[in-house]
Amino acid sequence: MGKVNRRAARVDDNQKAIVEELRSYPGIMVVLGVDDILVGHKGKNYWYEVKNPNAISKRTGELLCSKVKAGQKVLAEEWTGHYKMVTTAEEILSDIWGDI
């Protein structure tokens, strides 16, 4: 995997609310400080990069390339485990539980 240099990153405005909602569900564990959150559920780990909703194109509904840092692009392309960029707790819950 390509080299990824990380430094203390700014926390997106929506991260606190997402973490609080996820932690309200029994059986879900959330760890912070792992670019951005690590969610454990039923013996599996899910790594999420939380993006602000303004990182999504209003025209296409896709994540804007300009809002993704070089290291995040490397992770998304090369990480062999679970890694996904999200903007809401609902995206995470849908990801770990299937469509809700």
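Descriptive notes on the structure:
- Only one of the numbered conditions (1) open to solvent by 80 Å² or more (accessible area, probe 1.4 Å); (2) within 15 Å of the chain's Cα centre (by Cα); (3) at pLDDT 90 or above is violated by Leu32, and that is (3).
- Residues that are touching a helix residue (DSSP H, G or I) at 6+ places or on another chain (Cβ under 9 Å) and part of a loop (DSSP other than H, G, I, E, B) within the stretch 51-98 comprise Lys51, Asn52, Leu64, Val68, His82, Thr87, Thr88, listed in sequence order.
- Of everything in the stretch 9-29 that is among the acidic types (Asp, Glu) and within 10 Å of Ala89 (Cβ to Cβ), the residue that is surrounded by the fewest Cβ atoms within 10 Å (Cβ to Cβ) is Glu20.
- Some residue of the stretch 59-74 being touching a residue at least 60 places away in the same chain (Cβ under 8 Å) and either open to solvent by 90 Å² or more (accessible area, probe 1.4 Å) or within 20 Å of Gly98 (Cβ to Cβ) (or both): no
- Residue in the stretch 44-52 that is among the hydroxyl-bearing types (Ser, Thr, Tyr) and more than 15 Å from the chain's Cα centre (by Cα) present: no
The values are calculated or read from the model by the stated rules, or taken from the named source; none is laboratory data. A quick note: this is a predicted structure, and the numbers were derived from the prediction, not measured. Ideal geometry is used to build each Cβ from the backbone, glycine not excepted, and the neighbour counts take in all protein chains shown. When the accessible area is computed, the model is the full protein with side chains, heavy atoms only, and any ligands, DNA or RNA have been set aside. Shrake-Rupley method; radii C 1.70, N 1.55, O 1.52, S 1.80 Å.
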